[in-house]
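The values are calculated or read from the model by the stated rules, or taken from the named source; none is laboratory data. All figures in this text were calculated on a predicted structure; none of them were measured in a lab. Note that each Cβ is placed from the backbone with ideal geometry, even for glycine, and that neighbours are counted across all protein chains shown. What goes into the accessible areas is simple: the full protein's heavy atoms, side chains included, and nothing from ligands, DNA or RNA. Shrake-Rupley method; radii C 1.70, N 1.55, O 1.52, S 1.80 Å.
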Amino acid sequence: MPIWNEKFETMSRAELEQEQLERLQQTLGRVYRRVSYYHDLFNKLGFDPLEVTSREDLRKIPFTTKETLRIAYPYDMFAVPLREVVRMQSTYGTTGQPLIVGYTHNDIDHWSELTARVLAAGGVTKDDIIQISFPYGLFTGGLGFHYGAELIGASVIPCSDIAIENQITIMRDYRATVLCCAPTFAAMLLEILDEKSVTPAELALSKALFGAESWNESFRTEIEEQLDLSVTDNYGLTEVMGPGVSYECEEKKGLHVSEDYFIPEIIDPDSGEILPEGEKGELVLTTITKEGYPLIRYRTGDITSLITEPCSCGRSFIRMTRVFGRIDDMIILNGQNMFPTQFEQILTDVVGKTPNYQLVVDRKENIDQLEIQIEVSQDIFDDEVKTLNRIERDVVREVKEKLDFIPRVTLVEPRSIVRRMKQSRVIDLRKPE
Ligand SMILES: [Zn+2]
């Protein structure tokens, strides 16, 4: 697979760290001068951005949280006047008030460079026809990839606000070779292709790039086998840019973080301590090129770990493991922390592929209860009661063994659980404490 920007993506660690330091110094100076939140914070700490001599100096600055950004809504975290802002995007607001993020001309150029790296690492070239099924609009997925794909010179089909059945027609008739979408969309696509009896041979797809949601390795295998293509993962979030923060290469063993744009750290979400290399914790990102909406040590809420071991693709950027879950999605059952991805892995192992599912949490007589609702295919559903009982029994046993909790399992017919992008898998009916 071609490397989009050899100079930066394969830079020696020493050169990269020097570049990071210079960009960090500029960013800290900019936020001190232009964002009142950081100005006041640095003054209170006695922190002088001019005295920063190493990346480690960053650790003297407290984390920026989503709450800080909410208080600053709409424009108080912007580091440029609005006349220099050429685009605004917004977070989804799934966990509270949405945030507005502003981009300057340079920010948009950088963002295009970043998503071009993602696409190139997934094998996209100017000869490709790329169907972008991420939503366009305030959500960053659509426009983020659109600009990167145009920079590469691929032919872009901006396809998001069309019903999936019609997207399949476009995919087939336009001979799309690349699909850029959320894993949920790919799961729906598989179902509808099957219903419409469209075979992968009728499509020209050879690559897919998934992002915006957590997914697992079994789902990759399933999509790769059923659609006969190669799938790579990528990661980003609106607050720090949008898609383009990190991306898989052909090795598919972790996502390279574009470290010339972002400095990653991993912390213990409870204590805020920096964790030793390789340990799983919350990802914290500092933007080091952004002009419109720079963020220092932003707590992403995403759980991952960092891999410093060099990758055989030649890129020198550090890798992060696939996002394990979001702190917001963490379920606490009788005092134990669990993530939907842990249940998803168990369901995948028992059912044989990743089913659509939902976790419903409730509390009765002070004891937490969990119901796992699982969609099973029509043939399983129509099968003997024996098969259904086996699935229920196996899920209960595995959850008990691996997560030390006894759930109730309900199997439901296909399409009974609504699929939505970024949909939380958890419905919590417990009253707030
Ligand atoms: Zn690599």
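Restricting attention to segment 381-426, the residues being open to solvent by less than 70 Å² (accessible area, probe 1.4 Å) and touching a residue at least 40 places away in the same chain (Cβ under 8 Å) number 16. Within segment 245-271, track down each residue that is away from the ligand (no atom under 16 Å from the Cβ) and either closer than 16 Å to Leu306 by Cα or buried (at least 23 other Cβ atoms within 10 Å of the Cβ) (or both). Tyr261, Phe262, Ile263, Glu265, Ile266, Ile267, Asp268, Pro269 - these are the residues of segment 245-271 that are away from the ligand (no atom under 16 Å from the Cβ) and either closer than 16 Å to Leu306 by Cα or buried (at least 23 other Cβ atoms within 10 Å of the Cβ) (or both). On inspection, Phe8 qualifies as part of a helix (DSSP H, G or I) and open to solvent by less than 50 Å² (accessible area, probe 1.4 Å).
So for segment 272-286 (the condition being closer than 27 Å to Phe78 by Cβ and either open to solvent by 10 Å² or more (accessible area, probe 1.4 Å) or in contact with a His (Cβ under 9 Å, 6 or more places away or on another chain) (or both)), does at least one residue qualify?
Looking through segment 272-286, at least one residue is closer than 27 Å to Phe78 by Cβ and either open to solvent by 10 Å² or more (accessible area, probe 1.4 Å) or in contact with a His (Cβ under 9 Å, 6 or more places away or on another chain) (or both).
So that you can scan it fast, the table gives a plain yes or no per residue for (1) surrounded by fewer than 19 Cβ atoms within 10 Å (Cβ to Cβ); (2) in contact with a helix residue (DSSP H, G or I) (Cβ under 6 Å, 6 or more places away or on another chain); (3) outside the structural domain of Arg220 (by TED's automatic domain parsing):
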position	(1), (2), (3)
Phe339	no, no, yes
Phe343	no, no, yes
Lys353	yes, yes, yes
Gln358	no, no, yes
Asp362	yes, no, yes
Asp368	yes, no, yes
Gln378	yes, no, yes
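Is it true that Ile192 is open to solvent by less than 20 Å² (accessible area, probe 1.4 Å), at pLDDT below 95 and outside any loop (DSSP other than H, G, I, E, B)?
Numbers: open to solvent by less than 20 Å² (accessible area, probe 1.4 Å): yes; at pLDDT below 95: yes; outside any loop (DSSP other than H, G, I, E, B): yes.
It is true that Ile192 is open to solvent by less than 20 Å² (accessible area, probe 1.4 Å), at pLDDT below 95 and outside any loop (DSSP other than H, G, I, E, B).
Of everything in segment 115-151 that is more than 16 Å from Ala176 (Cα to Cα) and part of a loop (DSSP other than H, G, I, E, B), the residue that is most open to solvent (accessible area, probe 1.4 Å) is Leu138. Working carefully through the options Gly242, Gly236, find the one that is open to solvent by less than 10 Å² (accessible area, probe 1.4 Å), at pLDDT 95 or above and away from the ligand (no atom under 16 Å from the Cβ). Going through Gly242, Gly236 in turn, just one is open to solvent by less than 10 Å² (accessible area, probe 1.4 Å), at pLDDT 95 or above and away from the ligand (no atom under 16 Å from the Cβ): Gly242.
Going through (1) more than 16 Å from the chain's Cα centre (by Cα); (2) at pLDDT below 95 one by one, Ile108 falls short only on (2).
No other residue among Ala186, Ala201 is open to solvent by 10 Å² or more (accessible area, probe 1.4 Å) and either within 16 Å of the ligand (Cβ to nearest atom) or of a type outside the set (Ser, Thr, Tyr) (or both) apart from Ala201.
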